[in-house]
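Notes to accompany the following structure.
Bear in mind these aren't lab numbers, they're just calculated from the coordinates by the rules spelled out. Here the structure is a predicted model, which is why all the values come from computation and not from measurement. Backbone-built Cβ (ideal geometry, glycine too); neighbour counts: all protein chains shown.
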Amino acid sequence: MVQFNSTLSELTAVMNKYNERIDYLEAKLESLEVKQIDKESNRIEHLETTITQLKLDLQDREQEMLSNDVEIAGISEVRNENLMHVTFTVAKKLTVEIEDRDIVSVKRVGPIRALVEGQPVPNPRPIVVRLTRRAQKRCTVAGSTRETRC
């Protein structure tokens with residue numbers, strides 16, 4: 001019986017030792033998980049900040065590109081039209097001097113509007129002219145509103 005009690009005491013001591021070890025490992029694991037979560041949270045926050053900054057930069061660039069655009073509305077749309085020729089014709093009528101080198105691109109924007117029989121003719125899509133310089137845009141707009149020539 002004494003030997004049984006002794007063995008039981010040893011077994012209890014070993015179990016207590018293992019319980020302490022398990023408690024230590026659980027605390028260590030929880031500490032590592034918290035550190036990992038904090039690290040990931042900081043990383044996510046940094047990435048969100050970067051995304052926000054990139055969106056702002058993109059908006060600024062888009063706005064800067066739009067600052068060189070001139071929109072011409074109300075010009076009838078014809079198949080296989082030469083938009084460069086249309087642009088030069090409009091500029092000439094507005095007495096605005098513009099050359100090939102002043103234009104980056106010319107295109108119609110928006111969805112193609114189909115003709116429906118019995119319906120009024122839809123408004124033509126506007127023409128967007130992207131100019132090389134903002135100064136050229138100012139001159140073009142000034143000429144179209146009959147302000148001082150550039």
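Numbers below:
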read-out	value
Dimensionless Rg over Rh [the stretch 31-106; C-alpha; Kirkwood]	1.43
Lysine pair number, Cα distance threshold 25 Å (strictly under), the chain, separation 8 or more or different chains	8
Average projected area [Cα convex hull, the chain], square nanometres	20.7
Within a Gaussian network of the chain (alpha carbon springs, distance under 10 Å), most fluctuating of Asn80, Asn123, Asn42	Asn80
Folded to 0 to 90 degrees: helix 83-93 orientation relative to the chain principal axis, Cα	50
Cα→Cβ-extended label distance, 7 Å offset, between Asp100 and Asn80, nm	2.1
